[in-house]
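A quick write-up on the structure given underneath.
The values are calculated or read from the model by the stated rules, or taken from the named source; none is laboratory data. From a predicted model like this one, the values you see are computed outputs, not experimental measurements. Cβ sites come from the backbone with ideal geometry, for glycine too, and all protein chains shown count toward neighbours. Each accessible area value is taken on the protein alone, full model and side chains, heavy atoms only, with ligands, DNA and RNA left out. Shrake-Rupley method; radii C 1.70, N 1.55, O 1.52, S 1.80 Å.
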Amino acid sequence: MKNTSTRFSIIALCSMLATLPACEIEFLGIGGELPLSTQSQLDINRKKWESEMVSSYNFSFQWSCFCLPDYVAQVNITVRENRIHGAAFVEGDIPIPLEVAKERYRTMEGLFNLLQSAIDENAETISVTYHPELGYPTEVWIDYDERIADEERGFTIHSLSVEQS
């Protein structure tokens, strides 16, 4: 009798949930949490980053894409007052001209905007790992269209240090 009652309760719960708008359902509360949407994750982590009021920082960054070797090489990026101030290849500590660095790389705000664009463009796959305390994206993979080869893009942030003002 208990199994029939439990099954009926689950069916009733599923029927009720199906009538609610998906954007309102973030936590089920029975057996754990439902995963947050990609948009919700982005919003939460962007707010985390913004709440830290970090405007000057250094980070080690690497694009992942079907691109030229110098484009995907690991670099150290310096950001001052929320603007790219400089960049250098990790290997050999070779400086990258500032105009190239500004064109090729992004600040954290720019990386959050890249993720928002992927969401807005309905990318086929968006996989993101965020830093647990500061909220910035540490590992990202975006596949805009699974039917097209070599348009995928991602990045990894290997380390980040905040400069004290």
| request: Whole number in Å², please: accessible area per residue of segment 61-165, 1.4 Å probe, ligands, DNA and RNA not counted. | output: 59 Å²
| remark: With +1 on the Cβ of every Lys and Arg and -1 on the Cβ of every Asp and Glu, the dipole magnitude of segment 49-165 about its Cα centre, in debye rounded to the nearest 20, is 380 debye
| Accessible surface of residue 131 in the full protein assembly, 1.4 angstrom probe, to the nearest 10 Å²? | 40 Å²
| query | In whole angstrom, how far apart do the alpha carbon centroids of segment 71-111 and segment 118-163 sit? | reply | 17 Å
| How many percent of the accessible area of segment 64-125 is carbon or sulfur, using a 1.4 Å probe? | 49 percent
| task | Please report, in cubic angstrom per residue, the volume enclosed by the convex hull of the alpha-carbon atoms of segment 33-165. | result | 112 Å³
| task | Which order do the peptides 143-149, 114-120 take when ranked by the mean count of other beta-carbon atoms within 10 Å per residue, highest first? | result | 114-120, 143-149
| Backbone HN-Hα couplings from phi across segment 106-117 [Karplus 6.51/-1.76/1.60, Hz, Gly and Pro as x] | 9, 6, 4, 4, x, 6, 4, 5, 4, 5, 4, 4
